[in-house]
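Structure first, then comments.
Read the figures in this text as sums done on the coordinates, not as results from a lab. Treat the numbers as computed from the prediction; the structure is a model and nothing was measured. Here Cβ is always computed from backbone atoms with ideal geometry, including for glycine, and neighbour counts include all displayed protein chains.
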């Protein structure tokens with residue numbers, strides 16, 4: 001039986017590993033919803049009500065029913081194995097909170113850029129951020145009810161993405177769908193890590 005990281009009887013300590021993943025994207029794209037759907041613990045949220053001044057600053061087109069906004073981060077946890085835990089950090093979507101991204105990105109294995117096809121341009125800043133810092137990422141298209149559907153290749157062209165970068169459809173409300181997104185990211189990170197370094 002383990003106690004304080006050691007096995008009783010003086011055995012060597014167990015090695016525990018944590019994986020940090022970022023979830024980024026535009027305002028109102030579903031980041032808080034996805035963290036809440038997949039986290040095994042009650043997620044930490046830093047949501048505040050939208051005020052009249054913030055509504056004038058942040059466009060709510062396409063998400064008119066949204067009444068709150070993330071001002072720091074969302075945080076969730078998923079235990080993959082007894083010795084492997086994934087920590088998921090949702091970044092704030094509004095430009096005025098982007099200064100927090102550098103802190104949140106420290107030590108991140110990779111990132112998911114969550115996108116809404118009704119407001120696809122909103123994910124450009126996140127794509128640019130991860131490309132500039134060589135942080136592996138994938139695109140997850142949150143399929144909102146009533147939104148027009150596009151193929152992954154249409155989205156790839158619209159966002160000017162590399163041919164091998166994964167684009168997946170998802171429902172941020174669904175635990176299984178959110179898990180598939182995270183699995184796709186981890187597989188992509190492993191693929192990128194195995195690629196030879198160009199000289």
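Brief remarks follow.
- Residue order, fewest to most beta carbons within 10 Å, for 74, 134: 134, 74
- Sorting 143, 170 by the number of Cβ atoms found within 10 Å of their own Cβ, with the fewest placed first, yields 143, 170.
- Point-to-point label distance, residue 176-residue 79, nm (Cα→Cβ direction, 7 Å offset): 2.3 nm
- Taking the number of Cβ atoms within 10 Å of each Cβ as an exposure proxy, the fewest-first ranking of 19, 139, 183 is 183, 19, 139.
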